[in-house]
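A.B. asks: One structure, as structure tokens, below. Some questions next.
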Amino acid sequence: MSDYTLYIIIILVVAFLFSAIRILREYERGVIFTLGRFWKVKGPGFIIVIPLIQQMVKVDLRIIVMDVPSQDVISQDNVSVHVNAVVYFRVVDPEKAIIQVEDYYSATSQLAQTTLRSVLGQHELDEMLSERDKLNADIQEILDTQTDAWGIKVNNVEIKHVDLDESMIRAIAKQAEAERVRRAKIIHAEGERQAASELSNAAEILARQGSALQLRYLQTLTEIANDKTNTIVFPLPMDMLETLTNNLKK
């Protein structure tokens, strides 16, 4: 064998070895196929993939942040809203993520969109605005259950925005204003009721103590005298006025 042929063989062996050597990072795994059939999951670190016989598909195990596009949702009380969300998920089983679904990212995205519309469509607008934590938990549970067969773990779902039409915003503002007016009227009526109750109690006390009524008259005169006025007030007992009124009627 000539030196030239030996050099060619050495070069081919070195090239073969370099093409067979792969290095995977800590967060990466390699799904190895031998002649098209699944063999095993390797990594991280230094691995060897036999060229032409084996093929490797890399899978990232880090948490993926996926933005769910805005969805048109009709609530249970027939209000049209635009809702978007964000989904946090990661691959926990690289074998399933590569073999069981063609594109796990696209499949999870489509499933998140349909689940978002389905879950929010079962609730009223007030619940969408005030109970986001519960809705997030419901969507996350459904997604996690559905994607388990793909080797996907959904860690969290967050509804970002619930956008309303301008007409609906004005209607909600009117509703809130009407609610504030209703509460103000109730508070005012409650104050009147309490005041009437206290005045009734005071009248009973004054009726039992005639001297207390006279002292009240004198206190009122003192208050009027402190003001700059020419008005003179003469307090008269109510029973005296009633007697005079009866006499005039006769």
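A.B. asks: At a 1.4 Å probe radius, which order do F18, F38, F33 fall into by accessible area, largest first?
C.D. replies: Result of the area sort, largest leading: F18, F38, F33.
A.B. asks: Please give the peptides 103-113, 127-137 ranked by average Cβ packing (other Cβ atoms within 10 Å per residue), highest first, as a rough proxy for protection.
C.D. replies: The packing order, highest mean first, is 103-113, 127-137.
A.B. asks: Here's something else I'd like to know. Rank these residues by their accessible area, most exposed first, probe 1.4 Å: F89, F46, F16.
C.D. replies: Largest to smallest exposure gives the sequence F46, F16, F89.
A.B. asks: What ratio of Cα Rg to 2.2 N^0.38 Å holds for the range 14-81?
C.D. replies: Against the empirical 2.2 N^0.38 Å value, I get 1.91 for the range 14-81.
A.B. asks: Express in Å², to the nearest 10, the accessible area of R180 obtained by rolling a 1.4 Å probe over the protein heavy atoms while all chains stay in place.
C.D. replies: Using a 1.4 Å probe on the heavy atoms, I get roughly 150 Å².
A.B. asks: Hey, can you find the accessible area per residue of the range 85-125 for me, probe 1.4 Å, expressed in square angstrom?
C.D. replies: Averaged over the residues of the range 85-125, the accessible area is 47 Å².
A.B. asks: If you find the alpha carbon centre of the range 79-147 and of the range 1-78, how far apart are they in angstrom?
C.D. replies: Each part's Cα centre sits 29 Å from the other's.
A.B. asks: From the cross-link list K42/K153; K134/K174; K134/K185; K96/K160, which pairs have alpha carbons spaced over 24 Å apart?
C.D. replies: Too far apart for the 24 Å limit: K134/K174; K134/K185; K96/K160.
A.B. asks: OK, next. Taking 0.36 nm per residue of sequence separation and subtracting the Cα-Cα distance, how much length would be gained by fully extending the chain between D165 and S109, in nm to one decimal?
C.D. replies: Length difference between fully extended and current span is 17.6 nm.
A.B. asks: A further question follows. Taking R0 as 22 Å, what FRET efficiency do you get between R183 and L129 from their Cβ-Cβ distance, rounded to the nearest 0.05?
C.D. replies: So the FRET efficiency works out to roughly 0.65.
The values are calculated or read from the model by the stated rules, or taken from the named source; none is laboratory data. Everything quoted here is computed from the prediction, not taken from an experiment. Neighbour counts run over all protein chains shown; Cβ positions are idealised from the backbone, glycine included. Keep in mind that these areas ignore ligands, DNA and RNA; they rest on the heavy atoms of the full protein, side chains included. Shrake-Rupley method; radii C 1.70, N 1.55, O 1.52, S 1.80 Å.
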